[in-house]
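Read-outs: derived from the displayed coordinates by stated rules, not from any lab. Bear in mind that the values here come from a model prediction, so they are computed numbers and not experimental data. Here the Cβ is made from the backbone with ideal geometry for all residues, glycine too, and neighbour counts use every protein chain on show.
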């Protein structure tokens, strides 16, 4: 068993300890699907740490794949830039918003509320683009998340998209 798993490369990255603790029930079910009970898992962690690590990696990839497949919208905010993404099956739509007023910041809740009330102000620029994925869809979404994007419900994307049509 160990030799086979050692050949696998991770597609994404291992979940954090916090994420594993949140998903402990799902991880137990994952192990059970491989006929590994709690006692045997303890023994594997103790006696075969490399095999245990591979099990954690495999489970992490399964979780990431599921989350990314269900993801439709991502957002990335910085002080003067807002990137909103709608992730369709074959292409990604990006709305880029630039705040030209150096005295305001998307990271400041008060300024962000001002932006929502004054979305058509002259100090705000909008750009919209569509591109086909250059890699597998979920890999591209994962890379955006690793660079700071967060999964969202898409309300901001939908609102801005209607505003700038």
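Among 21, 60, the ranking by other beta carbons within 10 Å of each residue's beta carbon, starting with the fewest, stands as 21, 60.
The C-alpha atoms of the chain occupy a region whose extents along the principal axes are 64, 33, 22 Å, arranged from largest to smallest. The angle between the Cα long axis of helix 49-70 and the main principal axis of the chain comes to about 40°, on a 0 to 90 degree scale.
Computed from the Cα positions only, the extents of segment 15-89 along the three principal axes stand at 51, 27, 19 Å, in decreasing order. Our estimate of slack between residue 47 and residue 112, defined as 0.36 nm per intervening residue step minus the Cα-Cα distance, is 18.1 nm. Once the Cα atoms are used to define both axes, helix 38-47 deviates from the longest principal axis of the chain by about 90 degrees.
Helical content of the chain, expressed as a calculated mean residue ellipticity at 222 nm, amounts to -14000 deg cm²/dmol (DSSP H runs of 4 or more residues, -39,500 (n - 2.57) each, divided by residue number, nearest 500). Set the Cα radius of gyration of segment 73-163 against 2.2 N^0.38 Å, with N its number of residues, and you get 1.09.
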